[in-house]
Each structure stands twice: as structure tokens, then as C-alpha cells.
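What follows is a single structure, written as C-alpha cells, with notes after it.
The values are calculated or read from the model by the stated rules, or taken from the named source; none is laboratory data. From a predicted model like this one, the values you see are computed outputs, not experimental measurements. No Cβ is skipped: glycine too gets one built from the backbone with ideal geometry, and neighbour counts run over all protein chains shown. Side chains included, ligands, DNA and RNA excluded: accessible areas come from the protein's heavy atoms. Shrake-Rupley method; radii C 1.70, N 1.55, O 1.52, S 1.80 Å.
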Amino acid sequence: MEKKLYTISIYTENNVGLVNRISAIFLKRHINIRSLTTSPSEIPEVFRFVIVVKMTLEGIQKIVKQIEKQVDVIKAFYHTDEETIYVESALYKITSTALFEERQIQNIIKESQAKMVTVSPEFFVIEKTGFREETEKLYNDLKPYGLLQFVRSGRISVTKAKMGISDILNTFNATKQDEKKS
Amino acid sequence: MKTKTASQPTTVQAKNISGAEAVIRCLLAEGVDLVYGYPGGAIMPIYDELYKFQDQLHHVLTRHEQGATHMAQGYARTSGKVGVAMATSGPGATNLVTGIADAQIDSTPMVCITGQVASHLLGSDAFQETDIIGISTSVTKWNYQITKVSEIPSILAKAFFIARSGRPGPVLIDITKDAQFDFFDFEYVPCTGIRSYQSDFPIAQDALSQAATLINAAKKPLIVWGQGVILGEAEAAFKTFVEKTGIPAAWTILGLSALETDHPLNMGMVGMHGNYAPNLLTNECDLLIAIGMRFDDRVTGSLDTYAKQAKIIHLEIDPAEVNKNVMVDVAVLGNCKDSLEQLLPHVQPLELTAWKARFHELNAIEEEKVIQKDLYPTKEGLTMGETLRVINEHSGGDAIIVTDVGQHQMVACRYAKFNQSKSNVTSGGLGTMGFALPAAIGAKMGAPKRQVIAIIGDGGYQMTIQELGTIFQQRLDVKIVVLNNEFLGMVRQWQQLFFDKRYASTEMINPDFIAIAKAYGIAAKCVDQREELSPAIATMLNTPGPYFLEVRVEKEDNVFPMIPSGASVSDIRLE
Ligand SMILES: Cc1ncc(C[n+]2csc(CCOP(=O)(O)OP(=O)(O)O)c2C)c(N)n1
């Protein structure tokens, strides 16, 4: 079966060790995680993992069930690139002399719509958020001028479809209320 | 919320008590009256409280922490309650890992409590500090490190709820020493639900009616059931379902004893050393009804050729098991007791005379080629099979049989007779040698009124032989049968069949087992003659208290039938 990039979105409780538990699911199956990001979600106290992997459809379906099986996971989803809006951020650090001596750098920055984050006498830092191809292009364009440092974040993404996590939590709270009354 | 304990957890309060005392009170609130464990520095405050509460909570001192986990497992398997094991930090905690992994793969409800270094020392490589949370993560259903005393009641409540609900499993709670020492106002409220965790599923009616339609139209249906029937306490509903429809039913090793072995529709075991008929007919049936089982590779053999001709229905509580190994046509998610009870009114008695005749035809072949030779050998040496036959003759099928891992396990599960559920205790998914002796101790304590017979190989026996000390100290009535072939028999069998008889490190030079048993004050006997076997087993079963029986069996016997690993169930070999 054909392998494809999938974005896994996981809504979780905030528990120490959960990153370990989730990454262990991939480790056990010898699957390489391309990127992993954790952050707060739209719901207070609920966290969100975004994991990118290249797998078959069958593989991703099974692994998402294994993730969802974890007690502290509220819900897990998988999506193809077409079903999500996703970006990555990259930072590029370059010597300031290059900026003034090489006119071309300024054009590259302008064309790529990157943002200048810091300028100091020794170095400057620019930031670019976008698709992988865009941050990669900028990397290739700047490389000849001497990159002091380069770093790229994991993918963050939101889905086109609704996730319905609040509904799940509300249903749980409602049944709890009922239990208390009865 | 359904829970499976005999007594329901209760709410309890107490002012200004220590964390250690709180742990004991949590256990009592959960109805625990028995824990297995081994003390050490980081768990001493809890042991100090165990001393004070010894009238209410019996602590069994094991001889190794692995033994504590297998005892807790044996206890859980025969009592249906959560088993509890305790250990200190560092090596105490790491010694638990094998048993935890075993409980995880065999869905056994267990709570392990480990002591941990004080919270201010975490990460400093303090004496006996290990990251047991990290180590146990992939083999626990849930784990948690308590660093504050106030967390103790709510976390332990969750631990028990998680261990016993849904698909049961092991939970490990690591408690730092300062959290055990600190004082707080205690309130225990049993856990009844966790928002991120669904343990029970309402039965989907459309799936149920699709299943009923398939069943009612089947001409050659086969049921394969697993431990889900036992864990879901679905034995009665299951039996009614089998009898109403008249469908032949076969079991996975962990499903054994859920339906009595003599039942006319019980067609024996599926899998690598299972019976001929149900394995072959898996690839002839038109409908496979899988109930509370997970299509383990030892059951299915090669997936490419497994039941491809059949429609498949799967009654299963764990969503992650559905379509994991075998793609199914209808999945009914939920406790199989609920699904079977709701399915019952929709299914009809089926006319299956010709189909059942196929089973009897194939049974006759296995009977002639394998079973008769195993049970009534004409050669000189004793066989494992005849030992089991004689045990059946004396126990009448009323005993709990605990097995280790290897040839004796396969033979025992093939031939042991069972009249009631929760009577077969074995290490299925992990195949843990050393399981049986400690598990038999737990099994006896979980069902004190029943006869418990452990059947163990000479290899596995020596992996946890030190637990004879626990039997001695606790004065437990456990019968131990070692089937001694002076080989790591199952590995030797593979070497014979697949490695040209190169017996690399499988021959064992054994100690004087009788002297060892006697040293622990256990009555013991060794037999190697056929005419001695039956009287020896009678003596063993009639002797009050523990008894050790060594049976010297044929050294190089093999277990058949056999599906070579990776082969199709249709390629099952009789010799
Ligand atoms: C802890 C552990 N180590 C190794 C094995 C691999 N293994 C499976 S069966 C077996 C031989 C068991 O020999 P014995 O206990 O004498 O029983 P027999 O097969 O002779 O009945 C071995 C070594 C295992 N299952 N468990």
C-alpha cells in the first residue's frame, strides 16, 4: 500500500509522561516520527499534539486507535494534507556584514516575505512561516551567504473539519451530573 | 458503570493521616484484603502501615518481586478481582516489569505500587532511583508518579478503576517517599469515570442486527472465543448462545474453561498446538464468530491465508483490536456479555448436522494419530499427556490448572478437563517461563476452596523456584507437578524440527528436586514408572497442604498437532 504524509491531531489531558507514552507507540512499531509539536488547545486544560508521519492508510488507522486507547487521550484524528491547513516556522541567523555587503540578501528576504526578527551589529535573524517548500527554498537561497544557524519547527495544523472535542467533554460532564442526581 | 469486584469500593474520610496510611486505607476502601510484595528503603513507610493494619490487610512476602506480580495475576485470574503487588524503588521496581508486561498482554487487572526516592532527589541518580514510569510506560495500561500526598486518594481510585474496567490491565503507581511521610486530611471517593477514557460501549443495534443476519444465514459457522468471555463474565450468555444456535465453538488458550471441556459443542483449541478440526475448519467455515479474542499470530498462523473464505464477526471491547490483524465484516463493540445477551433473541437454531460431522471426522483422525498415543502410550517412557489424563481421572475436572510455558503447557491445555470457568491460569501472550509457580500461589489465594495444581516444566520451574519459600511460609495448599524431560522441551522440539537436531543449550542437568522440596518442608515424590503414576497423583491430591510431584517423562517427545510458525492454519501437521 502507498505511504502518504498524515497529520495526527491528539487532544489530551495534561499529564507528565504522556509524550513518552505516545512516542512509545511509534517506537514499538519502528515508525519514524517526522515532527511532533505539543501546545495548549482551544479548550482550557486540554493539550494538543500534532504529529506528522509517513505511513499507509491502514497503518495510520491502526496507530490512531492505539493512541486513542491511552487513558489520558481524549480523542485522536488523522488527516491528509488536503484536509488540513498546516504550516511550519523557520528561523535563519546570518552575520550582519553579509546583509550590508550582499545586496541580493535583501531581495531574497523581500521576495520570500520573511520577517526580520532581530538586527544587531553582529547578526540578524529572519523568520519565515509557511509550507515546507517555502522555508526550504529560503534556506537554499540564503545558504551561499553563510547561515550561522537554522532551525525549523514541527508542523502545526488545524483541520478543515470540526473536531467536536467540547461536545465529547460536555457529554461526559452531563452524564456525571446525572449520576450525581440519581 | 459496571465494576467487577465482589464488593463495591466505598467512600472513606480520615483527618490528618500520613500518605502511607492513606495508601492502606485506599486499598481497604477498594475491598483489597491481600497484597503481594517485597519491602525496601523507598517503600518502608507503607510497610510500616501494613504492619499496623495486618488484621485487615494480609501481606504476602514473596521471594522475588517478579513472583509478587505473577501471584497478583494468579489471584486476579481466579477471583476476578484486582491483584495488588508492591515493591521498593530501583531493583524492586524493575523486577516487576516481566509480570506487568505479562498482565498487559493477557489483560489481567493488577495495580502495582512502587516506592520512589524523595521528590527532591528525583533526577539526581539517588540510591535506588530508577525511572520506573519511563520503563513501565509501554507495558502498562496507565501509570502515574505521585509526588504530593494530596494526590494519593484520587490517583489510587483511578488506578483501580482503570485496572478493572474496559479491557482490564496493569496500572503502576510510583509514590515518592516524602509523599508517603507527609500528613493530610484524607478523603477517598471511588472513581466512576474518566473523561478521556471510554471503558464501556453501548451496543450498536445496527451492527447487532447485521451480525444476527449473518449468523442466521450461515451454513458452516465456527465460533472462536477468547478470554473476553471470562473477563466480561459472559459465560452464561455465551453458553446459551452456543446451545441455542448449535454452532461449534473453539477456544484460544486464554478462553479455556469458559465453557466446560466436555460440552458437545466444545471443539477444542485453535492455534499453533490446537486441535486439528477447528484449525483446518477455520479455512472451510463460511462464518467465523470471534468473541473476546484478538487474533494473535499464534492463533491465526499466516494472515494471508486465514479464514479468507469466511465472513467474520468480531465481538470485542477494545476498539484498537478491531481490524488490527484480521479485517472483519461486522464488529460489535462492547462487553461481550452485553452483546451476546442482546444478540440472543435475534438468532435461531441452525441445521448444522453435515458441518458438525466434519468436525467429528477430523477429530477421529487426530484421536488416532495423536491423542491415543499421548494419553495411552504403549512405549516405555511416561508421556506428559498420560499424566494429564491421570490428573483428570482424579480431579474430575474440578481443579484449577496453572501452567508455565513450553510443551507441558500445550499438553496440559490440550488435555486438562475443566468443569467451570476461571480454572485455567497460564501465561498466554507473553509466554513467561517462571509464571506458574507464583501464579499458582495467587490462584489458590484467589479461590481458597478449590484444588490448585501447577503443571510446570523442569526449565520454567527453576526460573521462580524460590517461591517455594512463599508456599512454605504461608502454608499454602498448592500441588506442584514438574514434568521433567531434562530439556527445555519446546525449544528442543523446534531445534529437532527446524534446526536439524542441533540441540544448542537446551539440555538441562537438574538438581535433586525432591531434596529441594523437602528442604522447604514440602512433601515430595518422584515417579518414572507407569504403574506408579496414578497412585502418586492420588496421594498428592489427598495429602493436605502443599505437595511436590516430579514426573520423569520421555525426554524427546514432541507436541503435535503443530502449525509451523508463519504457516497457514490449513498446514497443520499431525506428526
Ligand atoms: C522467560 C523466558 N525465557 C525463554 C523462553 C523461551 N522458551 C519457550 S518454551 C522454553 C522451554 C521450556 O522448557 P521447560 O520449562 O523445561 O518446559 P517444556 O517445554 O520442557 O515442557 C523456552 C526456553 C520463554 N518462553 N520465557
* Is it true that B:Leu259 is free of Cβ contacts under 8 Å to residues at least 24 places away in the same chain, within 29 Å of B:Gln205 (Cα to Cα) and in contact with a helix residue (DSSP H, G or I) (Cβ under 7 Å, 6 or more places away or on another chain)? -> no
* Structure fact -> Here, strands (runs of 3 or more DSSP E) confined to the range B:11-122 with at least 3 residues that are away from the ligand (no atom under 16 Å from the Cβ) and surrounded by fewer than 24 Cβ atoms within 10 Å (Cβ to Cβ) are B:12-18, B:58-61
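Residue-by-condition table, conditions (1) part of a helix (DSSP H, G or I); (2) within 14 Å of the ligand (Cβ to nearest atom); (3) in contact with an Asp or Glu (Cβ under 8 Å, 6 or more places away or on another chain); (4) assigned by TED's automatic domain parsing to the domain that holds B:Thr98:
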site: B:Glu368; (1), (2), (3), (4): yes, no, no, no
site: B:Asp374; (1), (2), (3), (4): yes, yes, yes, no
site: B:Glu386; (1), (2), (3), (4): yes, no, yes, no
site: B:Val405; (1), (2), (3), (4): no, yes, no, no
site: B:Lys417; (1), (2), (3), (4): no, no, yes, no
site: B:Lys422; (1), (2), (3), (4): no, no, no, no
* Is the range A:157-165 home to any residue that is in a loop (DSSP other than H, G, I, E, B), away from chain B (no Cβ under 14 Å), over 29 Å from A:Val73 (Cα atoms) and open to solvent by less than 70 Å² (accessible area, probe 1.4 Å)? -> no
* To do: Under 7 Å between Cβ atoms, at least 6 apart or on separate chains: pull out the pairs that start in the range B:475-495 with a residue that is closer than 18 Å to B:Leu533 by Cα and end on any residue that is within 6 Å of the ligand (Cβ to nearest atom) and not polar (S, T, N, Q).
  => B:Val482/B:Asp458; B:Leu483/B:His408; B:Leu483/B:Gly457; B:Asn484/B:Asp458; B:Asn485/B:Asp458
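Is it the case that some residue within the range B:205-228 is modelled with pLDDT under 95 and either at positive phi or among the acidic types (Asp, Glu) (or both)? Break it down stepwise before answering.
Narrowing the range B:205-228 to residues modelled with pLDDT under 95: none.
No: zero hits.
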* To do: Looking only at the range B:546-559, decide whether some residue is in contact with a Phe, Trp or Tyr (Cβ under 8 Å, 6 or more places away or on another chain), open to solvent by 50 Å² or more (accessible area, probe 1.4 Å) and more than 17 Å from B:Phe472 (Cβ to Cβ).
  => yes
* To do: Check whether at least one residue in the range B:118-129 is within 21 Å of A:Val19 (Cβ to Cβ) and hydrophobic (A, V, I, L, M, F, W, C), and report yes or no.
  => yes
* Asked: Which one of B:Arg492, B:Arg475 is more than 7 Å from the ligand (Cβ to nearest atom) and surrounded by 23 or more Cβ atoms within 10 Å (Cβ to Cβ)?
  -> B:Arg492
* Asked: Is at least one residue of the range B:335-342 touching an Asp or Glu at 6+ places or on another chain (Cβ under 7 Å), part of a loop (DSSP other than H, G, I, E, B) and away from the ligand (no atom under 16 Å from the Cβ)?
  -> yes
* Does the range B:406-420 hold any residues that are within 12 Å of B:Ser257 (Cα to Cα) and either basic (Lys, Arg) or out of contact with any Leu (no Cβ under 8 Å at 6 or more places or on another chain) (or both), and which are they? -> B:Arg414, B:Lys417, B:Asn419, B:Gln420
* Would you tally the residues in the range B:42-80 being over 27 Å from B:Ala126 (Cβ atoms), in contact with an Asp or Glu (Cβ under 9 Å, 6 or more places away or on another chain) and among the charged types (D, E, K, R)? => 2
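Return the residue satisfying two criteria in turn: it lies in the range B:155-169 and is under 14 Å from B:Ile113 (Cα atoms) and crowded, with 24+ Cβ neighbours inside 10 Å, and of such residues it is farthest from the chain's Cα centre (by Cα).
B:Leu156
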* Look through the range A:56-76, keep the residues that are more than 7 Å from chain B (Cβ to nearest Cβ) and open to solvent by less than 40 Å² (accessible area, probe 1.4 Å), and return whichever of them is farthest from A:Gly17 (Cα to Cα). => A:Thr56
* Asked: more than 21 Å from B:Ala258 (Cβ to Cβ) and open to solvent by 10 Å² or more (accessible area, probe 1.4 Å) - does that describe any residue in the range B:332-343?
  -> no
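So that you can scan it fast, the table gives a plain yes or no per residue for (1) over 30 Å from B:Gln420 (Cα atoms); (2) in contact with a Ser or Thr (Cβ under 7 Å, 6 or more places away or on another chain):
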position	(1), (2)
B:Ser18	yes, no
B:Glu21	yes, no
B:Tyr36	no, yes
B:Lys52	yes, no
B:Val84	no, no
B:Gly90	yes, yes
B:Leu96	yes, yes
B:Ser107	no, no
B:Val111	no, no
* Give me the pairs, please: first residue somewhere in the range B:50-68 and β-branched (Val, Ile, Thr), second residue anywhere and not in a helix (DSSP H, G or I), beta-carbon distance under 9 Å, and either six or more positions apart or on two chains. => B:Val60/B:Leu34; B:Val60/B:Val35; B:Val60/B:Tyr36; B:Val60/B:Gly37; B:Thr62/B:Tyr36; B:Thr62/B:Gly37; B:Thr62/B:Tyr38; B:Thr62/B:Ala85
* Asked: Just to be sure, is B:Ile441 over 21 Å from B:Ala416 (Cβ atoms), away from the ligand (no atom under 16 Å from the Cβ) and assigned to a helix (DSSP H, G or I)?
  -> no
* Structure fact -> All conditions in (1) closer than 30 Å to B:Val326 by Cβ; (2) open to solvent by 70 Å² or more (accessible area, probe 1.4 Å); (3) away from chain B (no Cβ under 11 Å); (4) not aromatic (Phe, Trp, Tyr) are true of A:Val53 except (2)
* Structure fact -> Just one listed residue, out of B:Leu497, B:Leu533, is surrounded by 15 or more Cβ atoms within 10 Å (Cβ to Cβ) and not in a strand (DSSP E or B), and it is B:Leu533
* To do: Please verify whether the range A:110-125 includes one or more residues that are outside any strand (DSSP E or B), small (Gly, Ala, Ser) and under 29 Å from A:Thr7 (Cβ atoms).
  => yes
* Structure fact -> Selection from the range B:282-306 of residues in contact (Cβ under 8 Å) with a residue 60 or more places away in the chain, part of a loop (DSSP other than H, G, I, E, B) and within 17 Å of the chain's Cα centre (by Cα) yields B:Gly292, B:Met293, B:Arg294, B:Asp296
* Condition test on A:Ile94, is it more than 14 Å from every other protein chain (Cβ to nearest Cβ), surrounded by 15 or more Cβ atoms within 10 Å (Cβ to Cβ) and under 28 Å from A:Leu169 (Cα atoms)? -> no
* Looking only at the range B:456-472, count how many residues are aliphatic (A, V, I, L, M), open to solvent by less than 10 Å² (accessible area, probe 1.4 Å) and within 9 Å of the ligand (Cβ to nearest atom). => 1
* Do we find that B:Ala354 is surrounded by fewer than 19 Cβ atoms within 10 Å (Cβ to Cβ), touching a helix residue (DSSP H, G or I) at 6+ places or on another chain (Cβ under 6 Å) and small (Gly, Ala, Ser) in this structure? -> no
* To do: Kindly establish whether A:Val19 is of a type in the set (A, V, I, L, M, F, W, C) and open to solvent by 30 Å² or more (accessible area, probe 1.4 Å).
  => yes
